[in-house]
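Working notes for the structure below.
The values are calculated or read from the model by the stated rules, or taken from the named source; none is laboratory data. Here the structure is a predicted model, which is why all the values come from computation and not from measurement. Cβ placement follows ideal geometry from the backbone for every residue including glycine, while neighbour counts extend to all protein chains displayed.
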Amino acid sequence: MHQPVVAIGLDAADPVLIDRWMAQGHLPALARLRAQGIAGRLQNLDCFKNETPWTTFLTGCLPETTGHYSPIKFYEGSYEVDDTSAYDFREYPPFYALGEDYRVAVFDVPQSVVVSDLKGLQMLGWGAHSAQTPSRSDPEGLFAELVRRYGDHPAYRRDYGDWFDPFYQERLQRTLEEGIRRRTAICSDLLQRGPWDLFLTAFSELHAPGHDLFHLSQPDHPLYGLTATAGSDPLLQFYKTVDRAVGELAEQVPTDAHLVVFSVNGTCSNYEDLPSMILLAEFCYRFSFPGQWLLTSAPAGARTEPMIPNVAHGSWSLQVRKLRHEPDAIRRQLRRAVPGRFHHHLDRMLGTLPGSGPTDWQPGADWYRSFWPTMRAFALPSLSEGYIRINLEGREPAGIVSMADYEATCEELSEKLYRLKDRDGKPHVQRVIRTRHRPDQRGAKLFEADLIVIWQDRPTDLLDSPDCGRIGPVPYRRPGGHRPQGVLFARGPRIAPGSYLMGGHVVDLAPTLLDLMGAPIPEHLEGRPLLTGSAAALCHPKEWP
């Protein structure tokens, strides 16, 4: 028997912030939803947690099953990388591709595709953060109709910038607030075009503020004292606006329907951007070329320089480029003579940086890629954890580490990684994960990196190594990052009010929604229904932890 479900994703909505702000009375709609049904946290993966959450949700499969770990792909047999964008869904389609037996509406879910096996309507690429999907709809005229009636999303593909730029902050707040208003109006319209067996949408307007305004909200953030204004919390204002939108839509959900509100990851102080995007790349360079460096250097344990607050004019990329060391004396003199804003052009002319490409935004790949063929190991582009690939003989075109030395090289790297310390003198590597049991292990779905570096969940702008000296400090790229936990709220005929969810995972969301709908759950889905089938997953308020 079909049971209608309305599912609303809150992109990067953080469970810790939501709990705090619900307790303070700031989020009445979510608090009401919690009282009416069930609430709890969802665990995500410790690895690939920034790149894959939406793919995990949409396919109901883990990255090792889909083979999709990141939008940036390294091509074995070369030293090339490319932005392949979202997963293609050819092998594992979105879970809502349910054929003619179910009426489904999907609006602006990030990183998905328009599928043919769906009865209803689909519209993607209207306002999602990092949409990674073309702006299109099915039926084809739906996109133009809704834009004509409600307008474009004013922040679409414009919710990126330098967090320390006040003009960007003002534009972000203004355009995202308007985007929330228009998104709510479109969702209200589409809900009225039902009845739907599944209505699925996502509010993306919390994602960019989580990256670029997080430091203005959290007093324990390293940048808070430098930039925050007392009594002002723009991130909280976004959560309150989205909460009102959720409350407005919740009132329109049919009484016989289940309402599910969820996030696939959260937001926290950014502890991965700098270590993964540039500091690890420099570590691998120094590991491969002892006594040399490309990034500003000092002996480990030297007097700690002040944190660079990013208040200077110019983009983050320009500020970081000023920290680049030029080994060649003549080129070094040229860089000193030319104003910093022209260094990018100078480096291109001199050939000290590779040509423009998909990793220009990430110095850790852009600066070092031309050296990869001569390095023992190099850091791959990353949006979350650190990824290291061994330059292995017989696998890479110019591999220099023999199969016999592979194990020893991984061990040596791991030992030196565990000795890295942060600004506070504490070890900054939580764990180093090996992805291969043996050096010749291959496979189309095997992750490209040989080592995955899990950082401690506290931010740092420098790393101290007893083996290769100090790396950094480097100015913050984004104050906010992601934590590997999301949140889930649900109410409906099959859910007891006041319940608490225990033990849920993001991969469980797809089978949970299908189960609530009364739809069949494909065998390839790797999660389990959370809300109706397992007594171990639920407890009532008197049993709350």
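Filtering segment 106-122 down to residues that are buried (at least 23 other Cβ atoms within 10 Å of the Cβ) and not in a loop (DSSP other than H, G, I, E, B), which residue is farthest from the chain's Cα centre (by Cα)?
Quick first cut of segment 106-122, residues buried (at least 23 other Cβ atoms within 10 Å of the Cβ) only: 106-112, 122.
In the following step, the residues that additionally are not in a loop (DSSP other than H, G, I, E, B) were identified as 106-107, 122.
Numbers: VAL106: 22, PHE107: 20, GLN122: 24 Å.
Among those that are buried (at least 23 other Cβ atoms within 10 Å of the Cβ) and not in a loop (DSSP other than H, G, I, E, B), it is GLN122.
Checking VAL401 against (1) within 20 Å of TYR69 (Cβ to Cβ); (2) in contact (Cβ under 8 Å) with a residue 24 or more places away in the chain: exactly one of these is not met. Which one?
(1)
With at pLDDT below 95, under 23 Å from the mean Cα position of the chain (by Cα) and aliphatic (A, V, I, L, M) as the only criterion, which of LEU462, LEU531, LEU488 stands out?
Unique residue meeting the criteria: LEU462.
Which numbered condition trips up SER384, out of (1) surrounded by fewer than 18 Cβ atoms within 10 Å (Cβ to Cβ); (2) of a type in the set (S, T, N, Q); (3) under 24 Å from THR52 (Cα atoms)?
(1)
Among the residues of segment 498-517, which ones are surrounded by fewer than 20 Cβ atoms within 10 Å (Cβ to Cβ) and modelled with pLDDT of 95 or more?
Correct list: HIS505 only.
Is it the case, given these coordinates, that ASP165 is among the acidic types (Asp, Glu) and free of Cβ contacts under 8 Å to residues at least 24 places away in the same chain? Explain how you work it out, then say what you get.
Working: among the acidic types (Asp, Glu): yes; free of Cβ contacts under 8 Å to residues at least 24 places away in the same chain: yes.
So ASP165 fits the description; yes.
Which of the residues spanning segment 404-452 are among the hydroxyl-bearing types (Ser, Thr, Tyr) and either over 28 Å from the mean Cα position of the chain (by Cα) or in the same structural domain as GLU76 (by TED's automatic domain parsing) (or both)? Reasoning before the result, please.
Our first condition is that a residue be among the hydroxyl-bearing types (Ser, Thr, Tyr); within segment 404-452, this holds for 406, 409, 414, 418, 435.
Correct list: TYR406, THR409.
Quick one: which helices (runs of 4 or more DSSP H) lie wholly within segment 9-73 and hold at least 2 residues that are outside the structural domain of LEU259 (by TED's automatic domain parsing) and within 18 Å of the chain's Cα centre (by Cα)?
Where helices (runs of 4 or more DSSP H) fall fully within segment 9-73, none carries at least 2 residues being outside the structural domain of LEU259 (by TED's automatic domain parsing) and within 18 Å of the chain's Cα centre (by Cα).
From the list LEU191, LEU259, LEU249, LEU200, which residue is part of a helix (DSSP H, G or I), modelled with pLDDT of 95 or more and closer than 19 Å to ASP11 by Cβ?
None of the other options fit; the residue is LEU249.
If you scan segment 425-463, which residues turn out to be under 20 Å from GLY481 (Cα atoms), of a type in the set (A, V, I, L, M, F, W, C) and outside any strand (DSSP E or B)?
Residue satisfying the conditions is LEU462 alone.
On the given criteria, is SER204 in contact (Cβ under 8 Å) with a residue 60 or more places away in the chain and either of a type in the set (Phe, Trp, Tyr) or within 19 Å of VAL264 (Cα to Cα) (or both)?
Taking the combined requirement at face value, the residue satisfies it.
Might you let me know whether segment 75-92 holds any residue that is modelled with pLDDT of 95 or more and either touching a strand residue (DSSP E or B) at 6+ places or on another chain (Cβ under 9 Å) or of a type in the set (Gly, Ala, Ser) (or both)?
No - not one qualifying residue is present in segment 75-92.
Give just the number: which of (1) crowded, with 16+ Cβ neighbours inside 10 Å; (2) out of contact with any Lys or Arg (no Cβ under 6 Å at 6 or more places or on another chain); (3) modelled with pLDDT under 90 does PHE289 not satisfy?
The one condition PHE289 does not meet is (3).
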